[in-house]
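First the structure, in the form of structure tokens, and then the observations on it.
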Amino acid sequence: MRPEVLCGLLAEDERLRAFAAVVLGAATPSAVAELTGLNARDAVRALRRLEQGGLISSAGGGLVADGTAFKEAVREYPPDPVPDEPLDPDQQKAAVLRAFIRDGRLVGIPVARAKRLVVLEHLAAAFEPGQRYPEGTVNAILRAWHHDYASLRRYLIDEELLSRENGVYWRTGGYVDVA
């Protein structure tokens with residue numbers, strides 16, 4: 001069943017309340033009417049429509065809700081994938097970032113220096129210019145990106161995107177959005 005058909009079946013307040021009552025255990029039209037506050041006629045009409053739509057059925061002398069219809073609808077008609085927003089306005093940098101960042105996590109540290117620099121500049125944006133960070137905070141920020149936070153920290157220092165002195169770090173390079 002298509003998701004919009006399911007939504008249509010539950011779009012009317014009476015049908016939604018009747019379905020909820022059956023899900024919660026109402027096994028007869030009179031129990032549905034009592035739980036929902038619907039009059040008997042409206043309850044029976046809602047139940048008949050839900051049964052025609054396949055959301056409820058009669059089993060063993062009582063009403064039963066079919067919750068599998070929702071799972072089947074989503075499996076059969078999954079939502080269209082949302083296109084990823086580019087991680088950088090520059091198309092070449094965005095392509096590099098797309099290759100190495102999935103779901104907000106770094107899937108690997110690029111071996112090629114040029115690609116690694118694109119990724120590191122992106123990570124450096126997690127640090128505010130002018131703010132000082134203790135090493136533990138730097139580690140926590142980088143650990144959110146990748147399990148090998150020590151290598152990332154070292155690369156950021158080596159590429160002069162971060163500076164450090166006495167266990168305190170601050171951002172010294174990379175792109176800064178002034179808007």
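The values are calculated or read from the model by the stated rules, or taken from the named source; none is laboratory data. Because the structure is a prediction, the values reported are computed rather than measured. Neighbour counts are summed over all protein chains in view; Cβ atoms, including those assigned to glycine, are modelled from backbone coordinates with ideal geometry.
Here are a few things to note about the model shown:
- Residues in segment 46-73 that are over 15 Å from A20 (Cα atoms) and either assigned to a helix (DSSP H, G or I) or among the hydroxyl-bearing types (S, T, Y) (or both): Q52, S58, K71, E72, A73.
- Within segment 126-158, being surrounded by fewer than 17 Cβ atoms within 10 Å (Cβ to Cβ) and either part of a loop (DSSP other than H, G, I, E, B) or in contact with a His (Cβ under 6 Å, 6 or more places away or on another chain) (or both) holds for A126, E128, G130, Q131, A144, H147, D148.
- Only a single item in (1) surrounded by fewer than 13 Cβ atoms within 10 Å (Cβ to Cβ); (2) without any contact (Cβ under 8 Å) to a residue 40 or more places away in the chain; (3) among the polar types (S, T, N, Q) is not met by T36, and it is number (1).
- Subset of segment 15-33 (residues that are surrounded by fewer than 17 Cβ atoms within 10 Å (Cβ to Cβ) and not β-branched (V, I, T)): L16, A20, L24, G25, A27, S30
- Here segment 101-125 is the region considered, the condition is being in contact with a Lys or Arg (Cβ under 7 Å, 6 or more places away or on another chain) and not in a helix (DSSP H, G or I), and the residue that is nearest to G167 (Cα to Cα) is I109.
- Any chance A46 is closer than 19 Å to L6 by Cα and either among the polar types (S, T, N, Q) or at pLDDT 95 or above (or both): yes
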